[in-house]
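First the structure, in the form of structure tokens, and then the observations on it.
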Amino acid sequence: MKDITRGGQFLVKETNCEDIFTPEDFSEEQIMMRESVKEFVEKEIWSYKNRFENKDFKFTEEVMKKAGEMGFLGIAVPENYGGMGMGFVDTCLVCDYISGATGSFSTAFGAHTGIGTMPITLYGTEEQKQKYVPKLASGEWFGAYCLTEPGAGSDANSGKTKAVLSEDGTHYEITGQKMWISNAGFCSLFIVFARIEEDKNITGFIIENDGTNGITLGEEEHKLGIRASSTRQVFFNETKVPVENMLSERGNGFKIAMNALNVGRIKLAAACLDAQRRVTTNAIIYSNERVQFNTQISQFGAIRYKLAEMATSAYAGESATYRAAKSIEDRINARVAEGTTHQEAELKGVEEFAIECSILKVAVSEDIQNCADEGIQIYGGMGFSEDTPMESAWRDARIARIYEGTNEINRMLCVGMLIKKAMKGHVDLLGPAMKVQEELMGIPSFETPNYSELFSEEKEMIAKLKKAFLMVAGAAVQKFGMDLDSHQQLLMAAADMLIEIYMAESTLLRSEKLALKEGEQNVKEQIAMAKLYLYKSVDIVALRGKESIISFAEGDEQRMMLMGLRRFTKYTNMPNIVELRETIASKLVTENGYCF
């Protein structure tokens, strides 16, 4: 396999800007696809936003059928099963631009194309794929995913739903209760997870939705947001499923569920991106139109602060999401080139970057919530009204921090997975961590560095933030070993450091790549966003690092680590963040929308 950076290696391996993929690198075909999706969204979704907000579940189904007719449901499905067989970046691009108008459609789309279709595509037998996937890819059928139970949420493998083999060995009888099932009201088949006998792990099954086969649905749930997304409980009472409809092998259900979530996490990040662009653009337009004290409110510093921050978080989310998507695609293509099947290549490709998927899920889901909250604030009293789009955006955003694994779970996962990768020898954390310890014991350099090149100090800051994480994580592993999992607050703090490093570096690399191509003067706003995001990241790393160190270190060890943290989070030339925000806001206000 060619030398491709492995998942988690961003922490210990310098990445050059020319080695990452950015939205500016979209091909002509990808741009055409993006425009096609945007046209579909404006015509079929945004124009009827009130129908989604009024819980028109039937309308959601109708628009899903239209999306199927356009081919959007089969982007990631191989061509021999009726799909378009496009790459991982393409699937993220479609997910991005089709999801921003309303969370109701975004959820229906994501549940169907991801966890409703993908498990069969990646784990199904040839017969299962030929039978079901073409119908799912075309929108003739819709899929739903039944994992969560009243007593099994984040602890997905603790489900009580039972699968009992019939006496003649031809079928299983499924009995149990599933909840929060997206698309349940109009789906044609369920991916269902149940336990056979006293197996340690659950098993996956494909069950066609037949009301005469012991399947009953609860009433539609009334939710804070995603109001027209069909969400129901599903009850199975001795529901018969042929043995040939077992998905993968017995006891493999937990693995299927976890790998489906890995893909779902980066897709969820992508699904939040256009929502941020849309909210930011609406806020800019309103601030340009709203006049108070004989002045457009877009001219007030307090509003410009918000606009700059909203745009910066959107830009950072784009940068990191497409960077990771291309990393996954490259990994998949390398495995296929070696002769690996498409199924295995995609599974391993996404699994390789599970850390980045969790990072993105947390960062972007929280950014869209903050963005929508500030959007309401800019609209003032009107933002609280259902007559403007801000309150629905805020309500829809809230679920993103819960599904695909809560953000708390994902924070702990990304650090835990990184440490496991290190123990397996996939990422060398020990060597760099030891070098950081040696550096702390040595005498710091007092030479004045040369920061004449673009981002020279910022790159050094990124490198120092990585040292700060390695210092904290290395000491924590040394102290707690395998018991580190039980120190959840420490893991959460370390995760915030890790998240900021990946997001800030991705943003900086994108802006550097742009500057080399377009010239610094032509992308000064993107340069400003990279510097602004990093400035805030440094503060977060310093705060969460300090909290971590104080939680487990004492005496001389604590003093030395705190001294090291100060060294690793210290600027030589502090950026003027007020000027940075002004640079960004001026561009946004002039262009009357998100324009990057």
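The values are calculated or read from the model by the stated rules, or taken from the named source; none is laboratory data. Every value quoted in this text rests on a predicted model; they were computed, and no experiment measured them. Glycine also receives a Cβ, built like all others from the backbone with ideal geometry; neighbour counts cover every protein chain displayed. Remember, those area values only see protein heavy atoms, side chains included, never the ligands or the DNA or RNA. Shrake-Rupley method; radii C 1.70, N 1.55, O 1.52, S 1.80 Å.
Tabulated values for the structure
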| item | result |
| --- | --- |
| Extension gain, residue 290 back to residue 438 (0.36 nm per residue minus Cα-Cα distance, nm) | 47.6 nm |
| Alpha-carbon centroid distance for the pair the range 532-574 / the range 188-202, whole angstrom | 46 Å |
| Under-5 Å amide H pairs with residue 208, H placed in peptide plane, nonlocal only | 190 |
| Greater than 20 Å apart at Cα, pairs in 58/223; 459/531; 466/587; 421/513 | 466/587; 421/513 |
| Pairwise centroid distance, computed over Cα atoms, of the range 261-332 with the range 1-65, Å | 14 Å |
| Order of exposure, largest accessible area first, which applies to 205, 446 with probe 1.4 Å | 446, 205 |
| For the chain, with +1 on Lys and Arg beta carbons and -1 on Asp and Glu, the positive-most of 565, 469, 384 along the dipole | 565 |
| Nearest-10 value in Å² for the accessible area of residue 424, using the 1.4 Å probe | 150 Å² |
| Quarter of Cα convex hull surface for the range 240-339, i.e. mean projection, nm² | 11.2 nm² |
| Gain upon complete extension [residue 157, residue 591; 0.36 nm per residue less C-alpha separation] | 151.2 nm |
| Structure-based [θ]222 nm, the chain - -39500 (n - 2.57) summed over DSSP H runs of at least 4, per residue, nearest 500 | -19000 deg cm²/dmol |
| Largest-first ordering by accessible area, 1.4 Å probe, given options 485, 496 | 485, 496 |
| Potential extension, residue 198-residue 547 segment - 0.36 nm per residue separation minus Cα distance | 121.4 nm |
| Coarse-grained scattering of the range 1-159 at q = 0.16 Å⁻¹, given as base-10 log I(q)/I(0) from a Debye sum over alpha-carbon atoms | -1.03 |
| The chain: angle of helix 253-289 to the longest principal axis, Cα-based, in degrees nearest 10 | 60 degrees |
| Between helix 126-138 and the chain: long-axis angle, C-alpha atoms, 0 to 90°, nearest 10 | 70 degrees |
| Semi-axis lengths (Å, descending) of the ellipsoid that matches the C-alpha gyration tensor of the range 531-596 | 36, 12, 6 |
| Largest-first principal axis extents, alpha carbons of the range 91-228, Å | 50, 35, 30 |
| Euclidean distance of C-alpha centroids, the range 394-442 and the range 83-119, integer Å | 26 Å |
| Diffusion constant of the chain at 37 °C, which comes from Stokes-Einstein with the Kirkwood Cα-pair radius and 0.692 mPa s, µm²/s | 131 µm²/s |
| In order through the range 456-472: 3J(HN,Hα) via Karplus (6.51 cos²θ - 1.76 cosθ + 1.60), integer Hz, x for Gly, Pro | 4, 6, 4, 5, 5, 5, 4, 4, 5, 5, 5, 4, 4, 5, 4, 4, 5 |
| Radius of gyration and Dmax over the Cα atoms of the range 422-529, both given in Å | 17.2, 51 |
| Hz values of 3J(HN,Hα) by residue in the range 310-317 - Karplus curve (6.51, -1.76, 1.60), Gly and Pro given as x | 4, 5, 5, 5, 5, 5, 5, x |
| Backbone HN-Hα couplings from phi across the range 22-38 [Karplus 6.51/-1.76/1.60, Hz, Gly and Pro as x] | 10, x, 6, 9, 4, 6, 4, 5, 5, 5, 4, 4, 4, 5, 5, 5, 4 |
| FRET E, pair residue 24, residue 428, Förster distance 35 Å, beta-carbon r, rounded to 0.05 | 0.65 |
| Zero-based 5 Å bins, Cα pair distances in the range 493-560, whole percents | 3, 17, 20, 16, 13, 10, 8, 6, 4, 2, 0 |
| Residues with amide H under 5 Å from that of residue 184, placed H, sequence gap 5 or more | 232 |
| Accessible area of residue 199 in the full protein assembly, 1.4 Å probe (Å², nearest 10) | 40 Å² |
| 5 angstrom amide H check on residue 196, placed H, neighbours 5+ away | 163, 203 |
